[in-house]
1. Among the residues of the stretch 28-45, which ones are under 8 Å from the mean Cα position of the chain (by Cα) and not polar (S, T, N, Q)?
2. Just the residues that are assigned to a helix (DSSP H, G or I) and either in contact (Cβ under 8 Å) with a residue 40 or more places away in the chain or exposed (fewer than 14 other Cβ atoms within 10 Å of the Cβ) (or both), please, taken from the stretch 7-26.
3. Which residues, counting only those in the stretch 27-56, are free of Cβ contacts under 8 Å to residues at least 40 places away in the same chain and not in a helix (DSSP H, G or I)?
Amino acid sequence: MNGFIAILAILGFVGGLLLMGYAFSTPGAEMAMFGGGILVVSLSIGLPIHLLEKFD
């Protein structure tokens, strides 16, 4: 399960960066795509912090 969460977080991070990158080439949806990219990146950073085990 930990590997699945880690892979999901990495894919979310890369996907969020792509959303932010392509936001300004999409007329009419710039703000929504950029905001969605920020949301996806922040979730992909927070997901492993809250769901994976703490290492000693």
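1. 37, 38, 39, 40, 41, 43, 45
2. 7, 10, 11, 14, 18, 21, 24, 25
3. 27, 28, 29, 54, 55, 56
For (1) of a type in the set (Phe, Trp, Tyr); (2) surrounded by fewer than 13 Cβ atoms within 10 Å (Cβ to Cβ), each residue gets a yes or a no:
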| residue | (1), (2) |
| --- | --- |
| 4 | yes, yes |
| 34 | yes, no |
| 43 | no, no |
| 52 | no, no |
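Where a number appears in this text, it was derived from the coordinates with a stated rule and is not lab data. Everything quoted here is computed from the prediction, not taken from an experiment. FYI the Cβ positions are ideal-geometry reconstructions off the backbone, even for glycines, and counts take in every protein chain you see.
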